[in-house]
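A.B. asks: Can you read through this structure? Questions will come right after.
The values are calculated or read from the model by the stated rules, or taken from the named source; none is laboratory data. Quick caveat, the model's predicted, so the values are computed rather than measured. Positions of Cβ are backbone-derived with ideal geometry, glycine not excepted, and every protein chain shown enters the neighbour counts. Remember, those area values only see protein heavy atoms, side chains included, never the ligands or the DNA or RNA. Shrake-Rupley method; radii C 1.70, N 1.55, O 1.52, S 1.80 Å.
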Amino acid sequence: MKSFPTVLGTTNPGKVREWNAIMQEEQSYGAPMVTCLDQKETFLEVQSLDPILVALIKALDAQRRCMQSILIEDVSFGLRALNGFPGTFFASNERNIGNTGLLCLMAEKQDRHAIATNIIAFANDVGTLVSVARCDVHGTMPTEERGENGCGFDTIFIPDGYHQTYAEMTSAQKNQISMRRGAIRLLLKGDLQT
C-alpha cells in the first residue's frame, strides 16, 4: 500500500463519516483515518463532462491553497437515456431541478440505466504528483424517489443486483457496495491512474 494524505478536501461532515466508516473496515490495508479539512473555502471546479479532469484540477487547486498533500473526491451520476446527463453537473442539477426534475426528464424513458461514479484524486505536498482512483457502479433509476437515508442521488439510484435504492439501505449496507468504497479500495491498493 502506498502512503496517502489523511486530509480530505471537504467541509461535508457526512462525506467524512462515510470515508471513516469505510477506512476503518479497510484497516487490513493499514489505512489511515481521514480528517475533514478545516477550511470553509471551495475549490476550483472546472465545467467539464470528464469527471477525472474535474477531480484532478480540484485536487491541484486544493493542494495549492492548503499547501499540503490532499485527497479530493468528486462524484458523477449519469443516465444513459439522457446521454450521460447530468454526469459531473449533478450538484448543479440538484440545486436547480433536483431529483424530482430528473425523474420528470426520465418519465417517458424506457432505458433506466444509470452510472454512479466516484473519483478520488490526490495531490502531493508540492503539487507535482496527482493520481486518481475511479469506480463506477451501474444500476437503474426508479420512477419515483425512494428512501430517507443518504443524500444526492441516493433516493434515485438502485445498484445492479439490488432492489433498494441507496437511500433505502442502512449506511453500513450502502458503504459495502458504494462507488466510494470501490474507489477507496483502488486508492489503498495503489491501482491508480496518473
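A.B. asks: Run Gly161 past the list (1) in contact with a helix residue (DSSP H, G or I) (Cβ under 7 Å, 6 or more places away or on another chain); (2) under 27 Å from Ile52 (Cβ atoms) and report the number of the one that doesn't hold.
C.D. replies: The single condition Gly161 does not satisfy is (1).
A.B. asks: Okay, next question. Going by the conditions given, is Gln47 over 24 Å from Asp125 (Cβ atoms) and modelled with pLDDT under 75? Spell out how you get there, then give the answer.
C.D. replies: On the way: over 24 Å from Asp125 (Cβ atoms): yes; modelled with pLDDT under 75: no.
No.
A.B. asks: So in the stretch 109-133, with the set limited to residues that are among the charged types (D, E, K, R) and modelled with pLDDT of 95 or more, which one is farthest from Met169 (Cα to Cα)?
C.D. replies: So, considering only residues that are among the charged types (D, E, K, R) and modelled with pLDDT of 95 or more, the one farthest from Met169 (Cα to Cα) is Lys109.
A.B. asks: Filter the stretch 52-66 down to the residues that are surrounded by fewer than 21 Cβ atoms within 10 Å (Cβ to Cβ) and either within 13 Å of Thr88 (Cα to Cα) or in contact (Cβ under 8 Å) with a residue 60 or more places away in the chain (or both) and list them by number.
C.D. replies: Passing the criteria: Ile52, Leu53, Leu60, Arg64.
A.B. asks: Still on this structure, I have one more. How many residues, within the stretch 106-136, are open to solvent by 50 Å² or more (accessible area, probe 1.4 Å), out of contact with any helix residue (DSSP H, G or I) (no Cβ under 6 Å at 6 or more places or on another chain) and not in a strand (DSSP E or B)?
C.D. replies: Narrowing the stretch 106-136 to residues open to solvent by 50 Å² or more (accessible area, probe 1.4 Å): 107-111, 115, 125-126, 128-129, 134, 136.
Filter once more, so that each one left must be out of contact with any helix residue (DSSP H, G or I) (no Cβ under 6 Å at 6 or more places or on another chain): 107-108, 110, 115, 125-126, 128-129, 134, 136.
Now drop any that are not not in a strand (DSSP E or B), which leaves 107-108, 110, 125-126, 128-129.
Selection size over the stretch 106-136: 7.
A.B. asks: Continuing with this model, one more query. In the stretch 137-194, which residue that is over 19 Å from Ala91 (Cα atoms), part of a loop (DSSP other than H, G, I, E, B) and at pLDDT below 90 is most open to solvent (accessible area, probe 1.4 Å)?
C.D. replies: Here the answer is Thr194.
A.B. asks: Which one of these is free of Cβ contacts under 8 Å to residues at least 24 places away in the same chain and over 13 Å from the mean Cα position of the chain (by Cα): Gly161, Gly139?
C.D. replies: Of the residues listed, the single one that is free of Cβ contacts under 8 Å to residues at least 24 places away in the same chain and over 13 Å from the mean Cα position of the chain (by Cα) is Gly161.
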